[in-house]
Amino acid sequence: MKNSVYIATSLDGYIARENGELDWLPGANGKPVEGLDPTDDLGFDAFFASVDVLVMGRHTFETALSIEAWPYPKMPVIILSSKLSQLPSGIPETIELRHSTPAELVEEMNLAGYQHAYIDGGKTIQRFLNAGLINDITITTIPVLLGNGIPLFGELNADIQLKLVESKTFANGMMQSRYEVS
Ligand SMILES: NC(=O)c1ccc[n+]([C@@H]2O[C@H](COP(=O)([O-])OP(=O)(O)OC[C@H]3O[C@@H](n4cnc5c(N)ncnc54)[C@H](OP(=O)(O)O)[C@@H]3O)[C@@H](O)[C@H]2O)c1
């Protein structure tokens, strides 16, 4: 199966402030992105329509839960955590909890018939990358320097070579690049 990343970072590579705040990320508050055609969703809807399961780390799950309504009502979602023994009560039945390694989870998803997973959350992406289980990465770069925060990338066991497949710039200064992992 294929595992993809679709994520936004600051120019200095952070996906959130240290406290998890996304106030620097255009559109994160649900408002239209300034300087962008309101019909332009940066390819997210097409990407999301291509995946059949979403895997997210506990921190991203907790952020998503704090949003008024669960943002992915129809998508099967797998939460990874070693600390949570069960999910909070009352959350949609489409959400499951796992403690698996990336390799174990990919095997399980394969057996379940999933074909394309969206892998989300910095630490989670780093673990999948280190396990050699990410096939492509789409990064939307926001022209802001945060100085510190939660990084997208971290230590690796070995270099990972990428091939740039597509790169676009937007009138408001955002840039989007899609890489395939070689
Ligand atoms: N800019 C964007 O586009 C974007 C996108 C997504 C998320 N975010 C933000 O990024 C922040 C979260 O990123 P993050 O790097 O802190 O964390 P994360 O990847 O969302 O969550 C990390 C946690 O996931 C669990 N985990 C991951 N892989 C696991 C595995 N194989 N087995 C068991 N547990 C596993 C661990 O939870 P335990 O500690 O329970 O073991 C780990 O501490 C949030 O603020 C979120 O809003 C931003």
* To do: Among the residues of the range 128-182, count how many are in a loop (DSSP other than H, G, I, E, B) and of a type outside the set (Phe, Trp, Tyr).
  => 26
* **Members of the range 9-23 found to be touching a residue at least 40 places away in the same chain (Cβ under 8 Å) and either near the ligand (Cβ under 9 Å from one of its atoms) or surrounded by fewer than 14 Cβ atoms within 10 Å (Cβ to Cβ) (or both), listed by number** => Thr9, Ser10, Leu11, Asp12, Tyr14, Ile15, Ala16, Arg17, Glu18, Gly20, Leu22
* Asked: Got a sec? Which of Tyr6, Tyr72 is hydroxyl-bearing (Ser, Thr, Tyr), assigned to a strand (DSSP E or B) and either within 14 Å of the ligand (Cβ to nearest atom) or surrounded by fewer than 18 Cβ atoms within 10 Å (Cβ to Cβ) (or both)?
  -> Tyr6
* Among what's in the range 44-59 and is closer than 16 Å to Ser4 by Cα and crowded, with 16+ Cβ neighbours inside 10 Å, pick the residue that is farthest from the ligand (Cβ to nearest atom). => Asp52
* Residue list for the range 117-132, filter: farther than 20 Å from Leu11 by Cα, crowded, with 19+ Cβ neighbours inside 10 Å and of a type in the set (A, V, I, L, M) -> Ala117, Ile119, Leu129
* Residues located in the range 75-126, provided they are in a helix (DSSP H, G or I) and touching a residue at least 40 places away in the same chain (Cβ under 8 Å) -> Leu105, Val106, Met109, Asn110, Gly122, Lys123, Thr124, Ile125
* To do: Mind listing whichever residues of the range 84-105 are touching a Lys or Arg at 6+ places or on another chain (Cβ under 7 Å) and within 6 Å of the ligand (Cβ to nearest atom)?
  => Leu84, Pro102
* Structure fact -> Picking from Ile125, Ile142, the residue that is of a type in the set (Val, Ile, Thr), at pLDDT 95 or above and touching a Ser or Thr at 6+ places or on another chain (Cβ under 9 Å) would be Ile142
* With the condition kept exactly as written, say whether any residue in the range 161-182 is over 22 Å from Asp12 (Cα atoms) and within 15 Å of the ligand (Cβ to nearest atom). => no
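The values are calculated or read from the model by the stated rules, or taken from the named source; none is laboratory data. From a predicted model like this one, the values you see are computed outputs, not experimental measurements. Positions of Cβ are backbone-derived with ideal geometry, glycine not excepted, and every protein chain shown enters the neighbour counts.
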